[in-house]
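What follows draws every value from the coordinates through simple rules; no lab data is involved. In this text, all values refer to a predicted model and were calculated from it rather than measured experimentally. Glycine also receives a Cβ, built like all others from the backbone with ideal geometry; neighbour counts cover every protein chain displayed.
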Amino acid sequence: MRIPFFSLFITSPFDGIQEHAEKVKECAWTFQQAIECHVSDKCQTFEDLRQQVIQLESEADAIKRRIRGHIPKGTLMPVDKFQIFRYLREQDGVLDAVEEAMNWMSYRSDPGIPPDLEKEFFLLVDATIEPIEELARMVAEARKYFKSFSEKQRIVVKSIIRNIRQKEHEADKAEEIIKKKIFNMPADPVTVFHVVRLAEIIGSIADHAENAGDMMRAMVAK
């Protein structure tokens, strides 16, 4: 008989992972506002939004350290603690990539995206934000699974993981479209480099979300 996961801890590590996932989601919403601000080239609050992301990333780091420091050594668990650490690394990678994207946008004194690419950038961001939001829901459903080990609940978690993977695929396609278009536009080399790199960083946010989903799939596997 499998031991209920939560009974092995005074505080479940998934409590902290859920808290961390909520910070990631909050950061994603701020990032979405910042992208809209950057693309419009008329927004005056980009730096405030960037500082909010930095603050949220710092708060998430504190949660991450707390999780790592409160898993008892030698405790028998149905999920290996290193799986938890690998999952947390990918979920935290989402935050790191968001912060990197914000910093990259801030490097140019002249903000903005070529008008012909605005639609594609919004599609890329939308395809990136959705899997981040799904992470929090996935963790919440996984917590239920580790309480009951219900096959029905495991199916729910796996369905969310498939959705995250599909959204990451959409982000890949949007990133590819941006790259193809910018290389065939009459833009200066600095703009081309800035746009290509920005698209790659934003795309990597979805990559980390998908990787987190894969780590979760490993944890709920029989």
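Here the spin labels are modelled as points 7 Å beyond Cα on the Cα-Cβ line, and at ILE177 and SER159 they lie 2.8 nm apart.
Taking every alpha-carbon pair under 8 Å whose residues sit at least 6 apart, the chain reaches a relative contact order of 29 percent.
Straightening the chain between LYS119 and GLU151 buys 7.4 nm, computed as 0.36 nm per residue apart minus the Cα-Cα spacing.
As a calculated quantity, the FRET efficiency between GLN83 and ASP126 at R0 = 25 Å, using C-beta atoms, amounts to about 0.25.
Largest GNM mean-square fluctuation across SER58, SER148, SER109, computed for the chain with C-alpha springs under 10 Å, falls on SER109.
Roughly what angle does helix 118-148 make with the longest principal axis of the chain, taking Cα atoms, 0 to 90 degrees, to the nearest 10? With both axes taken from Cα atoms, the answer is about 10 degrees.
Which angle from 0 to 90°, rounded to the nearest 10, does the C-alpha axis of helix 151-182 make with the longest principal axis of the chain? The angle comes out near 20 degrees.
Taking the chain, the Cys residues with no second Cys beta-carbon under 4.7 angstrom are CYS27.
At full extension, CYS43 and ASP188 could sit 49.9 nm farther apart than now, given 0.36 nm per residue minus the alpha carbon distance. About the centre of its Cα atoms, the stretch 97-222 shows a dipole size close to 880 debye [charges on the beta carbon of Lys, Arg (+1) and Asp, Glu (-1) only; nearest 20 debye].
Against the main long axis of the alpha-carbon atoms of the chain, helix 13-40 sits at an angle near 10°.
Taking Rg and Dmax of the Cα atoms in Å as calculated from this structure, the corresponding entry among (i) 19.0, 66; (ii) 17.9, 59; (iii) 15.7, 43 is (i). Length available on full extension from ARG66 to VAL196: 0.36 nm per residue minus the Cα-Cα distance, which gives 43.2 nm.
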